[in-house]
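The values are calculated or read from the model by the stated rules, or taken from the named source; none is laboratory data. Predicted, not measured: the structure shown is a model, and the values here were computed from it. Ideal geometry is used to build each Cβ from the backbone, glycine not excepted, and the neighbour counts take in all protein chains shown.
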Amino acid sequence: MTALLLIHGGLWEDMDAERFWRLPGVTGGLERRGFTVIAPDRPPRAPSWAAEAEHLASFLPGTPVTVVAGSNGCSVAVRLALAHPEAMSGLVLAWPAGQTAPGVRARTRRMLTSAGAPPSTVEVLAGGETLPCATDQELATLAMPAAVIPSDPANLYHQRDTVDSLLRLLPSVVELPGCPEPPRPEFPPHLESLLYTISAFVGLPCQTGLVRSYRLRFDVN
């Protein structure tokens with residue numbers, strides 16, 4: 001069976017895989033579609049994105065895996081991809097959380113400081129360019145097939161500009177249909193569409209016209 005590694009969102013807050021992926025139905029829905037799903041918890045107060053990636057590297061299976069990351073989990077996924085590109089067959093960056101919108105970086109710094117993060121950790125977690133985990137030059141080296149799922153509607157931490165920048169920077173990337181993030185109360189009507197979208201990107205056989213249309217978009221891009 002095809003394996004997926006799911007990396008949940010959150011940043012120094014009360015968030016885990018249960019709340020982000022399991023309770024909204026994403027984990028179970030992907031398993032019903034034939035995937036082996038690995039959905040570990042991120043370290044709750046890691047000092048850096050690289051430290052989080054090192055923790056999650058222990059969950060990588062022995063064969064290449066598609067990583068599906070959400071929100072701030074996208075930064076962890078990118079650091080994991082930079083450290084272990086050979087372990088990834090694909091990368092899905094869903095609702096990527098950037099720091100470039102006016103005021104967002106300052107708000108993130110204040111939030112981290114209020115949560116008890118030392119100044120060195122604040123600098124690392126609220127740095128970067130398009131994503132806080134890496135330079136844009138580093139993002140441009142990720143050669144594995146990638147997809148970006150926008151937050152729809154966009155919000156303060158999940159901006160359209162971040163999506164557009166990732167689409168310019170990543171060498172082999174497609175944009176998939178957007179939806180709200182799973183923990184949000186408006187997500188449930190979008191669950192099936194998200195599951196079909198991920199299945200289509202990975203390439204599992206599916207008989208729905210919805211997925212076939214997505215595959216056509218992959219082919220022409």
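In table form, for the structure just shown:
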item: Filtered residues of region 149-181 (kept if closer than 24 Å to residue 15 by Cβ, part of a loop (DSSP other than H, G, I, E, B) and among the aliphatic types (A, V, I, L, M)); result: 154, 156, 176
item: Per-region count, region 108-148, residues outside any helix (DSSP H, G or I), more than 18 Å from residue 171 (Cβ to Cβ) and among the hydrophobic types (A, V, I, L, M, F, W, C); result: 3
item: Options 125, 112; residue that is within 21 Å of residue 142 (Cα to Cα) and among the hydrophobic types (A, V, I, L, M, F, W, C); result: 125
item: Count - residues of region 66-87 that are crowded, with 21+ Cβ neighbours inside 10 Å and either of a type in the set (S, T, N, Q) or farther than 19 Å from residue 176 by Cα (or both); result: 8
item: Residues located in region 3-55, provided they are small (Gly, Ala, Ser) and farther than 22 Å from residue 184 by Cα; result: 3, 34, 46, 48, 50, 51, 53
item: Cross-chain or 6+ apart pairs with Cβ under 6 Å, region 142-166 first and farther than 24 Å from residue 66 by Cα, then modelled with pLDDT of 95 or more and surrounded by fewer than 23 Cβ atoms within 10 Å (Cβ to Cβ); result: 154/160
item: Residue check for residue 184: basic (Lys, Arg), part of a loop (DSSP other than H, G, I, E, B) and surrounded by fewer than 17 Cβ atoms within 10 Å (Cβ to Cβ); result: yes
item: Pairs with Cβ under 7 Å, 6+ apart, first in region 102-117 and closer than 21 Å to residue 160 by Cα, second assigned to a loop (DSSP other than H, G, I, E, B) and among the polar types (S, T, N, Q); result: 105/99; 108/99
item: Scope region 25-65; condition in contact with a Pro (Cβ under 6 Å, 6 or more places away or on another chain) and surrounded by fewer than 20 Cβ atoms within 10 Å (Cβ to Cβ); matching residues; result: 55, 59
item: Pair list, Cβ under 9 Å, 6 or more apart: region 43-56 residue charged (D, E, K, R), other residue surrounded by fewer than 20 Cβ atoms within 10 Å (Cβ to Cβ) and outside any loop (DSSP other than H, G, I, E, B); result: 45/121; 54/83
item: Those residues of region 144-167 which are surrounded by fewer than 21 Cβ atoms within 10 Å (Cβ to Cβ) and touching a helix residue (DSSP H, G or I) at 6+ places or on another chain (Cβ under 7 Å), in sequence order; result: 144, 154, 156
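Matching residues to (1) touching a Leu at 6+ places or on another chain (Cβ under 9 Å); (2) among the small types (Gly, Ala, Ser):
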residue: 129; (1), (2): yes, no
residue: 138; (1), (2): yes, no
residue: 147; (1), (2): yes, yes
residue: 154; (1), (2): no, yes
residue: 172; (1), (2): yes, yes
residue: 179; (1), (2): yes, no
residue: 182; (1), (2): yes, no
